[in-house]
Amino acid sequence: MTRAIEMTHGEVNVDAALIASDLELDPAAVLEEMRSGRLTSRWERGVDNDAGRYRVTFFHGNRRLSLIVDANGEVLERSLRQPRGLRAEVVTGARRP
C-alpha cells in the first residue's frame, strides 16, 4: 500500500508523482494542468459496504485514473482506463473528406 494522499479538515492533497506517470505527465506539470482545466478530478465517499473508503478519479485527455483509498489515505486499489480507438474527429464531429 502507498500513502500519497493526505486528507485533513476536508482538504485532499495528492502527491503529483502518484498520478503523473499514469496520466503521461511530468510531476512538475500536474498543478499547471489542473489550473488550466486540462486535468480534472472527482472525489467520492463510499457508502454501505464501501463506508470508510474513498475514490478519487483524475481525467486527462482520454485517460482516467481511479484510486481507491482508505480513511488514512492509503491507496488500496488503482486502475487506469484509456479508451482504445477513440479518435479526435469522432469526438469533435469532424468528417473525413
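Looking at (1) outside any strand (DSSP E or B); (2) at negative phi; (3) within 14 Å of the chain's Cα centre (by Cα), which is the only condition Leu67 fails?
It fails just one condition, (1).
Go through segment 6-62 and count every residue that is over 12 Å from the mean Cα position of the chain (by Cα), surrounded by 12 or more Cβ atoms within 10 Å (Cβ to Cβ), part of a strand (DSSP E or B) and of a type outside the set (D, E, K, R).
Within segment 6-62, residues that are over 12 Å from the mean Cα position of the chain (by Cα), surrounded by 12 or more Cβ atoms within 10 Å (Cβ to Cβ), part of a strand (DSSP E or B) and of a type outside the set (D, E, K, R) number 3.
Of the residues that sit in segment 63-73 and are at pLDDT 90 or above and either among the aliphatic types (A, V, I, L, M) or loosely packed, with under 14 Cβ neighbours inside 10 Å (or both), which one is farthest from Ile5 (Cα to Cα)?
Once the filter is applied, the top-ranked residue is Leu65.
For segment 1-36, give me the residue count where each residue is hydroxyl-bearing (Ser, Thr, Tyr) and over 19 Å from Ser79 (Cα atoms).
Residues in segment 1-36 being hydroxyl-bearing (Ser, Thr, Tyr) and over 19 Å from Ser79 (Cα atoms): 2 in total.
Just to be sure I understand the filter: pairs with C-beta atoms under 9 Å, separated by 6 or more residues or on different chains, first member in segment 15-37 and touching a residue at least 12 places away in the same chain (Cβ under 8 Å), second member β-branched (Val, Ile, Thr) and surrounded by fewer than 15 Cβ atoms within 10 Å (Cβ to Cβ). Which pairs pass?
Leu18/Thr2
The values are calculated or read from the model by the stated rules, or taken from the named source; none is laboratory data. What you see is a predicted model, and the numbers here were worked out from it, not measured in a lab. For neighbour counting, all protein chains shown are included, and Cβ atoms are generated from backbone atoms with ideal geometry for every residue, glycine included.
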